[in-house]
Amino acid sequence: MSFDKAVDVVSQLRDPDNGCPWDLKQTHTSLAKYLLEETNEAIEVLETIEQTGDFENLKDELGDVLLQVLLHSQLAAETGQFTIDDVIDNLVEKLIRRHPHVFGDSKASTIEEVEAQWDRIKEQEKNQAR
């Protein structure tokens with residue numbers, strides 16, 4: 001299975017003619033509690049993964065979190081706000097921008113240097129957004 005297949009399945013769930021009544025009823029607001037719930041369930045697994053080795057459960061919970069991202073992206077696409085591709089593009093741009101020590105000319109060889117650089121970049125982003 002591919003990521004595109006997952007996007008297609010979520011789109012089908014939201015199809016006005018043949019979709020799922022529950023999925024069709026959802027809004028960004030109504031889904032918010034599920035994003036929090038699924039994230040908390042993933043965190044519970046992550047907090048014990050080194051002791052339990054329960055990667056099957058982790059895989060399942062991460063899929064539930066991904067579903068929430070896909071649902072919100074589908075809702076936004078339906079109203080022309082953005083698509084899942086826009087979400088991914090935004091993420092890639094942010095990762096590259098916030099890792100100039102990997103993708104640019106900056107130097108950061110310790111975790112502390114990386115964290116300080118990350119904080120500076122985030123502050124610059126906030127100032128530019130204002």
Could you run through segment 51-69 and say how many residues are touching a residue at least 12 places away in the same chain (Cβ under 8 Å) and either hydrophobic (A, V, I, L, M, F, W, C) or open to solvent by 80 Å² or more (accessible area, probe 1.4 Å) (or both)? 6
Just the residues that are assigned to a helix (DSSP H, G or I) and open to solvent by less than 70 Å² (accessible area, probe 1.4 Å), please, taken from segment 20-42. Asp23, Leu24, Ser30, Leu31, Ala32, Tyr34, Leu35, Glu38, Thr39, Glu41, Ala42
Could you identify the single residue in His101, His72 that is in a helix (DSSP H, G or I), surrounded by 12 or more Cβ atoms within 10 Å (Cβ to Cβ) and more than 21 Å from the chain's Cα centre (by Cα)? His101
Could you list, in sequence order, the residues of segment 104-116 that are within 23 Å of the chain's Cα centre (by Cα) and in contact (Cβ under 8 Å) with a residue 12 or more places away in the chain? Val114
Spot the failing condition for Glu78; the list is (1) under 19 Å from Asp15 (Cβ atoms); (2) surrounded by 11 or more Cβ atoms within 10 Å (Cβ to Cβ); (3) free of Cβ contacts under 8 Å to residues at least 60 places away in the same chain; (4) over 15 Å from the mean Cα position of the chain (by Cα), and only one is missed. (3)
So Phe82 fits all but one of (1) closer than 26 Å to Ala129 by Cβ; (2) part of a helix (DSSP H, G or I); what number is the exception? (2)
Being under 15 Å from Leu66 (Cα atoms) and either out of contact with any helix residue (DSSP H, G or I) (no Cβ under 8 Å at 6 or more places or on another chain) or free of Cβ contacts under 8 Å to residues at least 40 places away in the same chain (or both) is the filter here, so list the residues in segment 25-47 that pass it. Ala32, Lys33, Tyr34, Leu35, Leu36, Glu37, Glu38, Thr39, Asn40, Glu41, Ala42, Ile43
Do the conditions hold for Ile88, that is, is it modelled with pLDDT under 95, open to solvent by less than 80 Å² (accessible area, probe 1.4 Å) and among the aliphatic types (A, V, I, L, M)? no
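The values are calculated or read from the model by the stated rules, or taken from the named source; none is laboratory data. In this text the structure is predicted, and so the values were computed from the model without any measurement. Neighbour counts run over all protein chains shown; Cβ positions are idealised from the backbone, glycine included. Areas reflect the complete protein model, heavy atoms only, side chains present, ligands, DNA and RNA absent. Shrake-Rupley method; radii C 1.70, N 1.55, O 1.52, S 1.80 Å.
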